[in-house]
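Data block below; observations after.
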Amino acid sequence: MEAKEATRSAPSRVTREDYKATSDPALQEAADRGQAKLLSYRELYMLWERQQWLTQELDFSQDRRDWHEKFDDDERFQRMYGLSAFFIGEQKVAEELGPIMRAAPTEEQRIFLCTQIADEARHVRFFERFYQEVGVYDDSELSALLDQTSEHLNDSFGALFDEMLHSRVDRLAREPEDMEALVEGITLYHMVIEGMLALTGQHFIMEYNTSEGVLPAFVEGFQNVARDEHRHVAFGTAFLQEKAEEDDRYRAAIQRTLEESLPVADKVLSPPWAPDDEDFEMFGYTIAETREFAATCLTRRLKFIGLA
């Protein structure tokens, strides 16, 4: 069976009940009509308690065999862009979340964002374990692994994380009462980086690996990472919906941030070595299909917020 046909027949990750439990509007058809039902911040916290998982329980033995015996040099190289974007991305968002948490205006919001900080740290450790135990690189130190894998990223990744997101977080660190900066930061963090890029990449990477029957421990852990991300995005959607209703300034801040960041985020979806061609196919899907998936998810969330 061709890879693309195999991927088409794989069960969709978005039908999982534990994913839908997060109330992310992207997983609710009612969101197409702007009628999604979200959990409260307290309910999202309680869901976090119920959805715990341990990176230590994953057995990467088969993944190591797959990486070294089933994949040739070219496939390992092509896989490194997606792996690197997630590994470095998780590390960067873990660093940036502190000022966002401290600037959140209510205790319920801050408590939930504390759980997200723990999640992001666990995601970094998940990738660290994969790299170490599968033998992606010879180095075993986290800092060395991060340095080496960063070589696979493109310039747009740096622009989105190191410039756009970091500048908002720096503003919040200096002026935590700057609510427009917080709205912009959560738009970038939860809607664009997590809601569009992360969850789109996770969806297609898990679908392909499952259809090919490879990297089972990675897929298991990545499913848990994606479930965490859906919960985070549900928080961001609720926060932005409240702010958009509260003041037109915040509605404008969301729109302004999306207009600035979406063209850059779109380029992050493509590896630096990929041609500028929507029909270019990698691991069973074209660039056009990944863009369509990301746009559909974002549109559902924005319709609930009241911006689409």
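Worth pointing out:
- Consider segment 124-140 and keep the residues that are more than 16 Å from D59 (Cα to Cα) and not acidic (D, E). The one that is modelled with the lowest pLDDT is S140.
- Among the residues of segment 56-70, the one identified as more than 18 Å from E220 (Cβ to Cβ) and in contact (Cβ under 8 Å) with a residue 24 or more places away in the chain is H68.
- Segment 271-288, residues that are in contact with a strand residue (DSSP E or B) (Cβ under 9 Å, 6 or more places away or on another chain) and surrounded by 16 or more Cβ atoms within 10 Å (Cβ to Cβ): P271, I287
- Helices (runs of 4 or more DSSP H) wholly inside segment 156-225 containing at least 2 residues that are surrounded by fewer than 18 Cβ atoms within 10 Å (Cβ to Cβ): 166-174
- Count - residues of segment 118-155 that are part of a loop (DSSP other than H, G, I, E, B) and free of Cβ contacts under 8 Å to residues at least 12 places away in the same chain: 4
- Selection status of A26, surrounded by 11 or more Cβ atoms within 10 Å (Cβ to Cβ) and modelled with pLDDT under 85: no
- Residue in segment 4-14 that is at pLDDT 80 or above, part of a helix (DSSP H, G or I) and out of contact with any Pro (no Cβ under 9 Å at 6 or more places or on another chain) present: no
- The test for being closer than 22 Å to C297 by Cα and either assigned to a helix (DSSP H, G or I) or at pLDDT 95 or above (or both) holds for F86.
- Subset of segment 251-277 (residues that are touching a helix residue (DSSP H, G or I) at 6+ places or on another chain (Cβ under 7 Å), of a type in the set (S, T, N, Q) and in a helix (DSSP H, G or I)): T257, S261
- Of all the criteria given as (1) in contact (Cβ under 8 Å) with a residue 12 or more places away in the chain; (2) charged (D, E, K, R); (3) farther than 24 Å from F87 by Cα, the one not satisfied by E259 is (1).
- Residue match in segment 105-122 (condition: surrounded by 14 or more Cβ atoms within 10 Å (Cβ to Cβ), charged (D, E, K, R), closer than 30 Å to D66 by Cα and modelled with pLDDT under 95): no
- Selected residue [touching a residue at least 60 places away in the same chain (Cβ under 8 Å), over 17 Å from the mean Cα position of the chain (by Cα) and not in a helix (DSSP H, G or I)] from P105, P99: P105
- Boolean, Q91 is at pLDDT 95 or above and touching a His at 6+ places or on another chain (Cβ under 6 Å): no
- From the list W67, W53, the one residue that fits, being outside any helix (DSSP H, G or I) and over 29 Å from L307 (Cβ atoms), is W53.
The values are calculated or read from the model by the stated rules, or taken from the named source; none is laboratory data. Here the structure is a predicted model, which is why all the values come from computation and not from measurement. FYI the Cβ positions are ideal-geometry reconstructions off the backbone, even for glycines, and counts take in every protein chain you see.
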